[in-house]
Amino acid sequence: MAAALAAQQEGARVGLVEQEERLGGDCTYYGCVPSKSLIDTAKAVFEARRLASEGILEIAPGLAYRPVHERQRSIVREIGRDERDERFTSLGIELVRGAAVFLGAHELQVGDASVHADRFVIATGSEPALPPLEGLDAVPYLTNRTVFDLAELPPRLLVLGGGSIGLELAQAFQRLGSRVTVVELLDRLLPHDEPEAGTLVEQALKAEGVELLLGSRVIAAQEAGNEIELTLEHERYGATRSSSRPAAAPQSPVSGWTISASSSSGDTSV
Ligand SMILES: Cc1cc2nc3c(=O)[nH]c(=O)nc-3n(C[C@H](O)[C@H](O)[C@H](O)COP(=O)(O)OP(=O)(O)OC[C@H]3O[C@@H](n4cnc5c(N)ncnc54)[C@H](O)[C@@H]3O)c2cc1C
């Protein structure tokens, strides 16, 4: 959408091909917007509790997750309204609905139609990349496509991957009341950033009660009664152990979730 608007402003004749009914992509519906909304609420709850612990504010101890979820949905709806077709068509950008397939350097097929252009910008986004865990397909799990649909707070949540997206959601859910465990393959968090950043975030998350299993590779998942049991290979010790610790709460149909923002580039954060 940004590329289409920019090209239109530069005077190009622009078409925008989208396979979904609604414009907006990952950021609006499965990424930035729902996550930042959840994080914003979680931060407010965290600050309120901090003030309460200092005797400045009186608050009831419980938290109702449904209004948190509703707030997130309403923010997504509001942003989504900004991305309606007319915003683009009113500027003369032609919208073509359907999945595009390249027929040549200057031609796309979209359904029965063919679309010609001098140049194409490919901005087809990403899909969650699932890690090669034995048994993953047989257990319930969440990705960024489904985690924001949760209408109930998961009592226990396991996050696979200590990158920025996994960690921001881990912190938000912990602040809202889930017991969160993060499993990271490498021996530090935020492996793509400066080591100092990982250390700072590690200290902050630990202080808030997030359990961190660093240097740990999850190799298998299976249902064990009402829980999900993961097998971790502890690289540091070269041993394999089975753990039911980072598993589902009995009441929850979902315990662990896996998320990736950049599967299309092969850069998995799960
Ligand atoms: C949980 C989470 C939180 C995030 N938070 C942030 C954040 O705070 N800040 C930030 O900058 N980024 C954030 N990101 C990353 C951000 O969401 C992505 O970088 C961004 O959405 C990528 O935009 P895009 O247009 O490239 O792809 P997308 O938003 O995925 O859009 C691609 C579009 O292409 C369509 N499409 C795909 N294939 C075809 C085809 N063959 N024909 C026609 N249409 C097709 C899809 O339907 C989709 O609508 C977050 C991501 C996640 C998962």
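Since every read-out is calculated from the coordinates, none of them should be taken as a lab result. Values in this document were obtained by computation on a predicted structure and should not be read as measured data. In this analysis, Cβ positions are derived from the backbone assuming ideal geometry, glycine residues included, and neighbour counts consider all displayed protein chains.
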Under the Karplus relation 6.51 cos²θ - 1.76 cosθ + 1.60, θ = phi - 60°, what is the ordered set of whole-Hz ³J(HN,Hα) values for the stretch 205-217, x standing for Gly and Pro?
-> 5, 4, 4, 8, x, 6, 7, 10, 10, 8, x, 10, 9
Computed lengthening from residue 99 to residue 13, 0.36 nm per intervening residue step minus Cα-Cα distance = 28.9 nm
Alpha-carbon centroid distance for the pair the stretch 48-77 / the stretch 141-175, whole angstrom = 17 Å
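Mean separation of Cα pairs under 8 Å and 6+ residues apart, divided by the residue count of the chain: what relative contact order is that in percent?
Numbers: 468 pairs, mean separation 53.5, N = 270.
Once normalised by length, the contact order is 20 percent.
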Using only Cα atoms, locate the centre of the stretch 208-226 and the centre of the stretch 84-116, then give the distance between them in Å, rounded to an integer.
-> 44 Å
Amide H contacts under 5 Å for residue 127, placed H, 5+ residues apart = 263, 264
In degrees rounded to 10, the 0-90 angle between helix 32-53 Cα long axis and the longest Cα principal axis of the chain is 30 degrees
Rounded to the nearest 0.05, what FRET efficiency is calculated for residue 63 and residue 124 with R0 set to 30 Å and r the Cβ-Cβ distance?
-> 0.20
So, by mean Cβ neighbours within 10 angstrom, what's the order for 146-152, 89-95 with the highest one leading?
-> 146-152, 89-95
Would you mind checking the tilt of helix 65-82 against the longest principal axis of the Cα atoms of the chain, expressed as 0 to 90 degrees and rounded to 10?
-> 20 degrees
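For the chain, just run the numbers: alpha carbon Rg, then divide by 2.2 N^0.38 Å, N being how many residues it has.
Numbers: Rg = 21.6 Å, N = 270, 2.2 N^0.38 = 18.5 Å.
The chain yields a ratio of 1.17.
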Sort out the exposed loop trypsin sites (Lys or Arg not before Pro) in the chain (DSSP loop, at most 10 other Cβ within 10 Å) and tell me the longest stretch that has none.
-> 1-118
If you build a Gaussian network model of the chain, linking Cα atoms that sit under 10 Å apart, which residue out of 20, 184, 229 swings the most?
-> 20
Rounded to the nearest 5, what is the percent of antiparallel bridges among the DSSP beta bridges in the chain?
-> 55 percent
For a quick protection proxy, order the peptides 159-165, 24-30, 209-215 by their average other-Cβ count within 10 Å, most packed first.
-> 159-165, 24-30, 209-215
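Show that you can apply the helix-only estimate: for the chain, add -39,500 (n - 2.57) for every DSSP H stretch of four or more residues, divide by all residues, and state [θ] at 222 nm to the nearest 500.
-9500 deg cm²/dmol
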